[in-house]
Amino acid sequence: MNFDLVIRNGTVATASDVFKADVGVRGGRIAALGEGLAAGREEIDAAGLLVLPGGVDGHVHFDQPTGDDSVMADDFLTGTRSAAFGGTTTVLPFACQEKGKTLRAAVDDYHRRAAGKPLIDYAFHLIVTDPTEQVLGQELPALIREGYTSFKIYMTYDALKLNDRQILEVLDIARSEGAMVMMHAENADCIAWLTEKLERAGQTAPFFHGVSRPRVAEREATHRAISLAELVDVPILIVHVSGADAVEQIRWAQGRGLRIYAETCPQYLFLTADDLGGEGFEGAKCICSPPPRDAANQKVIWDGLTGGAFQVFSSDHAPFRFDGPGGKKVHGEQAPFRCVPNGIPGVETRLPLLFSEGVMKGRMELTKFVELTAANPARMYGLHPRKGTIAVGADADIALWDPSRKVTITNGILHHNVDYTPYEGIEVTGWPVVTLSRGEVICRDGTLLAEPGRGEFLPCGLPALARPKGSPAPVLPF
Ligand code: DUC
Ligand code: ZN
Ligand code: ZN
Ligand code: ZN
């Protein structure tokens, strides 16, 4: 039987193996792996290239309403375009509940925002901000069963945060329904208190954003999140972990046998607090939360990635323009850091940065790279084995990488709708040169070949990683 497409002579890598094989694609899926496969209607010669599963970016924000006058620069078209050029073929952005409204309204609104735009496949995480009886008793369980099997909750931000009691109630639903909970772990009162103190002292420049969100505030919330999850007996994923103190808590929990997972992002490997301090308002380009730390903490994050503390590596792409409407300067260049839109772009640079500094510099195996950036996020969110691996039956979501291509990252070469990149001027070795989604070449050598709207919505399964340990929580009398 012939194939629609055969990718020949490449080196295939999965989360467990690296091997020479041709990849036969039929009907959008991988139909065969082996040497000397029969002819395909189309053929790609991948000699000298790596054949990797397309990246799964488990943490992006596209066209997410912000609740104020800031506006995200990327929608489902420009966001997925940028992802695809960076070797990513699945994204999971967030449908965020507005307090006072239903979760369903957020999901419906988000589907409308996506309609006709995505270039690659996508699923939604929910964000639960208002866990009313109706949400806990009906909406959330119903949505989980419909394939929205992961959701984020916040311990900070007035518009989003839950108190400990609410967190327990939400975790309890996750446990009974088998959903994955993502936690934004920073102590809200510590941040508010420090912010007010800094403002009274006139210390409002972007640099002080970092000062207002110290590692101890992240550490305390991380420990509390772990404790609440232990009490309920449910796994959780701590997102965007920035430094040593939170990593220590996570390792402590993992060492005690708790199912505590952790995510980190490029900003905690490649940026430091100094990047918030540049000339004038420049530092606003790197305002994100938690903030970047220092070289010693970067080292701890690297060690956590290679040593097993982290399971997933995501971009946390949260795109705001530096200039222009709704961007970093929405309240002027004198605006206190508290009023600067929070987040940085990175969906396109996530994989090249980690590949170059991780794989090419010998810090991590290629299999580890695939595990952190594709296989594990797919598992974490119930998309495995359809996504995140190269195996017979999986979707033919594949990125062909030229491991020797040297690229200097500049905003001009990127495909997002943001007017800067925090990684301007960094030289990387290795770049994705062809991206396929369900067997279709969507990017080749800098040219976009796909039509908006071809990306499909993915209902997610219940992730095995979200299963409780099963031991009864000792303090619960039932
Ligand atoms: N949390 C995120 O997950 N993304 C952007 C900012 C934030 O606080
Ligand atoms: Zn405003
Ligand atoms: Zn967050
Ligand atoms: Zn985020």
Options PHE85, PHE124, PHE76: the member that is of a type in the set (Phe, Trp, Tyr) and in contact with a Lys or Arg (Cβ under 8 Å, 6 or more places away or on another chain): PHE76
Residues of region 278-325 satisfying the condition of being within 16 Å of ligand 4 (Cβ to nearest atom) and in a helix (DSSP H, G or I): CYS286
Scan of region 130-158 for residues that are without any contact (Cβ under 8 Å) to a residue 40 or more places away in the chain and within 16 Å of ligand 1 (Cβ to nearest atom), ordered by number: PHE151, ILE153, TYR154, TYR157, ASP158
Selected residue [in contact (Cβ under 8 Å) with a residue 12 or more places away in the chain, within 16 Å of ligand 3 (Cβ to nearest atom) and not aromatic (Phe, Trp, Tyr)] from GLY304, GLY327, GLY277, GLY346: GLY346
Criterion violated by ASN163 - all others in (1) more than 16 Å from ligand 3 (Cβ to nearest atom); (2) surrounded by 17 or more Cβ atoms within 10 Å (Cβ to Cβ); (3) not aromatic (Phe, Trp, Tyr) satisfied: (2)
Residue satisfying all of: in region 1-32; of a type in the set (A, V, I, L, M, F, W, C) and under 23 Å from LEU354 (Cα atoms); surrounded by the fewest Cβ atoms within 10 Å (Cβ to Cβ) among these: PHE19
Any hit, region 224-232, residues being out of contact with any Ser or Thr (no Cβ under 7 Å at 6 or more places or on another chain) and within 16 Å of ligand 3 (Cβ to nearest atom): yes
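Residue by residue, here is whether (1) modelled with pLDDT under 95; (2) of a type in the set (Asp, Glu); (3) within 29 Å of THR89 (Cα to Cα) holds:
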{"position": "THR129", "(1), (2), (3)": "no, no, yes"}
{"position": "ILE144", "(1), (2), (3)": "no, no, yes"}
{"position": "ASP189", "(1), (2), (3)": "no, yes, no"}
{"position": "ALA205", "(1), (2), (3)": "no, no, no"}
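Conditions (1) surrounded by fewer than 17 Cβ atoms within 10 Å (Cβ to Cβ); (2) within 16 Å of ligand 2 (Cβ to nearest atom), marked per residue:
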site	(1), (2)
GLY34	yes, no
ILE44	no, no
LEU50	no, no
ASP63	no, no
VAL71	no, yes
THR78	no, no
Single unsatisfied condition, GLU42 versus (1) modelled with pLDDT of 95 or more; (2) outside any strand (DSSP E or B); (3) over 30 Å from MET183 (Cα atoms): (2)
Answer residue from region 213-252, given it is part of a helix (DSSP H, G or I), crowded, with 24+ Cβ neighbours inside 10 Å and among the polar types (S, T, N, Q) and is nearest to ligand 2 (Cβ to nearest atom) among those: THR222
Of the criteria (1) closer than 17 Å to GLN203 by Cβ; (2) among the hydrophobic types (A, V, I, L, M, F, W, C); (3) within 16 Å of ligand 3 (Cβ to nearest atom), which one CYS288 fails: (1)
Breaking point among (1) part of a loop (DSSP other than H, G, I, E, B); (2) closer than 18 Å to SER16 by Cβ; (3) charged (D, E, K, R), for GLU371: (1)
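Here is a yes/no grid of residues against (1) crowded, with 24+ Cβ neighbours inside 10 Å; (2) within 16 Å of ligand 1 (Cβ to nearest atom):
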residue: GLY327; (1), (2): no, yes
residue: GLU333; (1), (2): no, no
residue: PRO336; (1), (2): no, no
residue: GLY346; (1), (2): yes, yes
residue: PHE355; (1), (2): yes, no
residue: LYS368; (1), (2): no, no
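The values are calculated or read from the model by the stated rules, or taken from the named source; none is laboratory data. Please read these numbers as outputs of a predicted model, since none were measured by experiment. No Cβ is skipped: glycine too gets one built from the backbone with ideal geometry, and neighbour counts run over all protein chains shown.
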